[in-house]
Structures are given as C-alpha cells and as structure tokens.
Amino acid sequence: MRRGIFVAPFDELSHPRVVAELAAAAEERGFDGFFVWDHVRYREPVREVSDPWVVLSAVALATTRLELGPMVTPLSRRRIHKLARETVTLDRLCDGRLVLGAGLGSDNNEEFTRFEAVTEPRERAKLLDEGLDRLLAFWDGEFEPRPVRQPRIPIWLAARWPNRRPVHRAARYDGVFPIEMPGPDALAELVAEIGELRGDADPARPFDVVVEGPPGADPGPWEAAGATWLLTAFGHTPKLAEVRAAIEAGP
C-alpha cells in the first residue's frame, strides 16, 4: 500500500510556497503522493482558500517522484475544455505524475449556488459523466499535446458511502476514493463489489482504492481490506505544525 499526504490549501496552508515545501519534505521522508482539496470557497472558520492548480504547479516543481493531484474536482462547475488544458499542462510539468480526482462535489459551502452553477445532484451526475467522456476525447488527441502519462492520466472517482451509483462510475475508470467510509470491513465489501463490476478488466491497468486517515492511523487493517493508498489527512482547518510533524514521522 502506498502512502500520501492530503491537505486543504486553506489558511495556514494557503500559500503555494508553503505547500510546495511540505511536498518536498514529504518526498524526502518517503511518501508516495501529495494531494490537495479543490474548492473556490469554504465555510467558517476557513477564510483563505487557494486555487488547487496553482498550488499543484508549485508542488510539481518542488518534487520529482511524488504523484500529485486534486481530490476532488467537481466537473459540473468546470469548463471541460479548460480542464483538459489544465490537466495536460500540469501533467507535462510534473513529467506524468498527475492523478485527477473527480466527483460530484457538494454545495455544503455554497460553491454551486453562490456562483450560479448546477445544484441538483442528478444533473451534476449527468454533467460529470458527460465531462469525463469529453475529457478523455480531448486527452486522446482532440487537443495537442497529449498527456505524458499513457494510456491516460489516471482518474479516481469519489464515492460517498454507502451510495452505489458512484461506485459503478468509479469501476469504469482507474480508482475510487470512498468518502465517509466507516471502517475496513465496509471497505472490504466495497472492494469485492468493485471486483465484480470490473470483471475481466485489463490487468495491465491497475485500479486504486484510496482511503484517508488521521496522522498515526494504523495502515494494516486498511491494506488487508484492499486499500492501495492511505492518505494522511488533516481536515478543513489544517495546522502547519501538525502537517510538518506528520510528514517528519514518515509513512
């Protein structure tokens, strides 16, 4: 199982240079990935929010080995042609280390209503599916240059437990990021279901199961349940000292 750091680029972590320094330290300490939240605003007490793509560009330049990406980008509030350009540009900048986390998102922070985006979940799901199809077409040659990473930039889909439709969507792509997973037993159930859904999928295209846990979480039960990644997470009020300490402790 691979290990990563997962931070919200908010408040104490809102400056791209600070996040880039943390990513460089994580790489030095032996972590495998570094991922950031994707939001345009957030609820109190959060005040400062940074753009994930600019932050990830700084991370890309500060590291050479870590996989990196947004977790997760709601495609319904993105222009897909712009997202295609952003993802390929970042993929080239980091020499093929980008992973795209995608999903429906939520309106808990009024990121849809405040900015006149689609709010109804079924319509957002439709836009997500359509957006993924278009994104793959852009990556596959409608736009040039193509991504460095081939056959494509991996796509991990968020799935809020215990909803099943997002799981079916994720099984068609490269990974699942289950949100609000109650424990390893539930994850094992989810992994078995995904195995049935994927059936005889190409074994050359690995499928990732990504979970998050607090600093110091025991990785053993999650790995036994089928997780391929465990991300150390810090919630929506990350403290710089706490993140530094978790990175220094190593994976």
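If a/c stays under 1.5 just call it rounded; otherwise compare a/b with b/c (prolate if a/b is bigger, oblate if not). Do that for the range 13-135, with a ≥ b ≥ c from the square roots of the Cα gyration tensor eigenvalues. Could the numbers behind the result be given before it?
Details: a/c = 2.44, a/b = 1.46, b/c = 1.67.
Verdict is oblate for the range 13-135.
Please list the non-local residues whose amide H lies under 5 Å from the amide H of Phe34, H modeled 1.01 Å from N, same-chain partners needing a gap of 5 or more.
So Phe34 has HN proximity to Ile5, Glu67, Leu68, Gly69.
Determine, from the Cβ-Cβ distance of Glu142 and Glu44 and an R0 of 41 Å, the FRET efficiency 1/(1 + (r/R0)^6), rounded to the nearest 0.05.
That gives a FRET efficiency of 0.45.
Rounded, prolate or oblate: which fits the range 114-178 when a ≥ b ≥ c are the square roots of the eigenvalues of the alpha-carbon gyration tensor, with rounded for a/c under 1.5 and prolate only if a/b beats b/c? Show your work: numbers first, answer last.
Values: a/c = 2.60, a/b = 1.38, b/c = 1.87.
Taking the square roots of the gyration eigenvalues as a ≥ b ≥ c, the range 114-178 is oblate.
Could you order the peptides 18-28, 134-144 from most to least packed, using the average number of other C-beta atoms within 10 Å per residue? Each step should come with its number before you reach the end.
Numbers: 18-28: 21.0, 134-144: 15.0.
Those peptides, ordered most packed to least, come out 18-28, 134-144.
Apply 1/(1 + (r/R0)^6) to the Cβ-Cβ distance of Phe115 and His168, taking R0 = 25 Å, and write down the FRET efficiency to the nearest 0.05.
Values: r = 29 Å, r/R0 = 1.16.
Rounded to the nearest 0.05, the efficiency is 0.30.
Among the helices of the chain (complete DSSP H runs), which have Cα atoms covering no less than 18 Å along the helix axis and a Kyte-Doolittle mean of at least -1.0? Working shown, then result.
Numbers: long enough: 16-29 (20 Å, 0.01); 80-93 (19 Å, -0.19); 121-137 (24 Å, -0.64); 184-198 (21 Å, 0.33).
In the chain, the long hydrophobic H runs are 16-29, 80-93, 121-137, 184-198.
Share of antiparallel DSSP beta bridges in the chain, in percent to the nearest 5? List each step's numbers first, then the result.
Working: 1 of 31 bridges.
Of the beta bridges lying entirely in the chain, close to 5 percent run antiparallel.
What do you get for GluC sites (Glu not before Pro) in the range 157-241 restricted to DSSP loop and a cutoff of at most 10 other Cβ within 10 Å of the site's Cβ? List each step's numbers first, then the result.
Values: sites: Glu180, Glu189, Glu193, Glu196, Glu212, Glu223; in loops: Glu180.
Listed in order of number, the matching sites are Glu180.
Helix-only estimate, please: 222 nm mean residue ellipticity of the chain, summing -39500 (n - 2.57) across DSSP H runs of length 4 or more and dividing by its residues, to the nearest 500. Intermediate values should be presented prior to the final figure.
Numbers: 8 runs with 93 residues, N = 251.
Result for the chain: -11500 deg cm²/dmol, rounded to the nearest 500.
With a ≥ b ≥ c the root eigenvalues of the C-alpha gyration tensor of the chain, is it rounded (a/c under 1.5), prolate (a/b larger than b/c) or oblate? Mind showing how you got there, number by number?
On the way: a/c = 1.22, a/b = 1.08, b/c = 1.12.
In terms of gyration-tensor shape, rounded.
Bear in mind these aren't lab numbers, they're just calculated from the coordinates by the rules spelled out. All of these numbers come straight from a predicted model, not from anything done at the bench. Cβ sites come from the backbone with ideal geometry, for glycine too, and all protein chains shown count toward neighbours.
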